[in-house]
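Only one structure is covered here, and it is reproduced in the block below.
The values are calculated or read from the model by the stated rules, or taken from the named source; none is laboratory data. Everything quoted here is computed from the prediction, not taken from an experiment. With ideal geometry, Cβ positions are generated from the backbone for all residues, glycine too; neighbour counts draw on all protein chains shown.
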């Protein structure tokens, strides 16, 4: 079984120029058809099933910034992950423990799907591999929608499947 991630990330300087190279929905559909015609199974993004009963609010965790990753810049800025470049503090003025044990980073650690402003109600959320860091690079809002998230491209494929499309290759894609 194979999986592909068709997401492109904005450049770290915030430029979206590279996103024009992203695949269209027709190109994604053709990739699925070609791979499936060769007898291979190509699955879409894995359904989100991350749960952590140790976290206080319950529900699905978006990702793990500040839980399993962190990033320190050459100037001492501490970020919750390499993509989500929201400074949590600076090691030149604070200890790592002081930075790592703040409400600011806790709010990122405990982000849930329900916290998302638009995406939490999206019918394709379970197929989306939305990244708060990418949303932040694209829009400056890590809880807002990511305009270039692959889920927006998958919406028509998912709708086809739910409507019982006669295209078996598309239907197999999301089983």
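For the stretch 119-139, give me each residue that is assigned to a loop (DSSP other than H, G, I, E, B) and at pLDDT 80 or above.
Going residue by residue through the stretch 119-139, those that are assigned to a loop (DSSP other than H, G, I, E, B) are 122-124, 128-131.
Result: 131, single match.
How many residues are farther than 18 Å from residue 107 by Cβ and at pLDDT below 60 when one looks only at the stretch 37-93? Lay out the reasoning, then the answer.
Of all residues in the stretch 37-93, those farther than 18 Å from residue 107 by Cβ come to 37-49, 51, 53, 72-76, 82, 90-93.
Filter once more, keeping what is at pLDDT below 60: 40-49, 51, 53.
Total meeting the criteria: 12.
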Here is a check on your reading of the model: is residue 34 more than 22 Å from residue 137 (Cβ to Cβ), more than 21 Å from the chain's Cα centre (by Cα), assigned by TED's automatic domain parsing to the domain that holds residue 134 and at pLDDT 70 or above? yes
Out of curiosity, is residue 13 at pLDDT 75 or above and either surrounded by fewer than 11 Cβ atoms within 10 Å (Cβ to Cβ) or not in a loop (DSSP other than H, G, I, E, B) (or both)? yes
